[in-house]
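Remarks on the structure that follows.
The values are calculated or read from the model by the stated rules, or taken from the named source; none is laboratory data. Computed from a prediction, not measured in an experiment: that's the story for all the values here. Note: ideal-geometry Cβ built from the backbone for every residue, glycine included; neighbour counts use all protein chains shown. What goes into the accessible areas is simple: the full protein's heavy atoms, side chains included, and nothing from ligands, DNA or RNA. Shrake-Rupley method; radii C 1.70, N 1.55, O 1.52, S 1.80 Å.
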Amino acid sequence: MKQTIVDFWKAYWKDKNVQAPTTYTSWQFGVEADTLAKLVCDNIKTATCSAHIFYEVEKEPLPKVGDYSIVLDSQDEPVVIIKTTEVTLAPMNEVPEEFALAEGEGDRTYSYWWHAHETFFTEELRSLNMEFKEDLLLVCERFEVLI
């Protein structure tokens, strides 16, 4: 992990009256990392999702309530710390409009959310020789901004 990320984490917890958690992740949004990180900073983007199959393929654990993450920009520099507040699994065609809007992207409509995610997942699944289906299982995550 880059030293700037470690320093960012330590700086956030330095003046708190609690011990810093020992585990956290750092990552950037897959598409438009800078734009999406800014939406998080502005408390417009308070949710995100990914296809469950990607966690399986990458052998990554699913997010859990209480997880901490440092969102990175396109240069892998830390921008904001978030804490996961809710994790649900849902087929894409059953994700409620309210969740889609909480992702805060584009024109903030369900139509935009669906089209953008369908396009993204179709391309990513194609690289795994898989086909997009409307009932693709998603990991839907809500979070709060800490800094």
Q: Report yes if some residue within the stretch 12-33 is closer than 29 Å to Glu134 by Cα, open to solvent by less than 30 Å² (accessible area, probe 1.4 Å) and not acidic (Asp, Glu); otherwise report no.
A: yes
Q | Checking Phe121 against (1) closer than 14 Å to Leu36 by Cβ; (2) open to solvent by less than 10 Å² (accessible area, probe 1.4 Å); (3) assigned to a helix (DSSP H, G or I), the condition it does not meet | A | (1)
Q | Count of the stretch 1-53 residues which are acidic (Asp, Glu) and under 18 Å from the mean Cα position of the chain (by Cα) | A | 3
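Among Thr109, Thr85, Thr122, which is closer than 30 Å to Trp13 by Cα and polar (S, T, N, Q)? Write out each step before concluding.
Values: Thr109 fails: closer than 30 Å to Trp13 by Cα; Thr122 fails: closer than 30 Å to Trp13 by Cα.
Every option except Thr85 fails the conditions.
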Q. Counting only residues that are among the charged types (D, E, K, R) and buried (at least 16 other Cβ atoms within 10 Å of the Cβ), which one in the stretch 86-118 is modelled with the highest pLDDT?
A. Glu103
Q | Wholly within the stretch 19-99, strands (runs of 3 or more DSSP E) carrying at least 3 residues that are more than 18 Å from Leu138 (Cα to Cα) | A | 25-27, 68-72, 78-91
Q | Complete set of residues in the stretch 124-146 that are free of Cβ contacts under 8 Å to residues at least 24 places away in the same chain and open to solvent by less than 60 Å² (accessible area, probe 1.4 Å) | A | Phe132
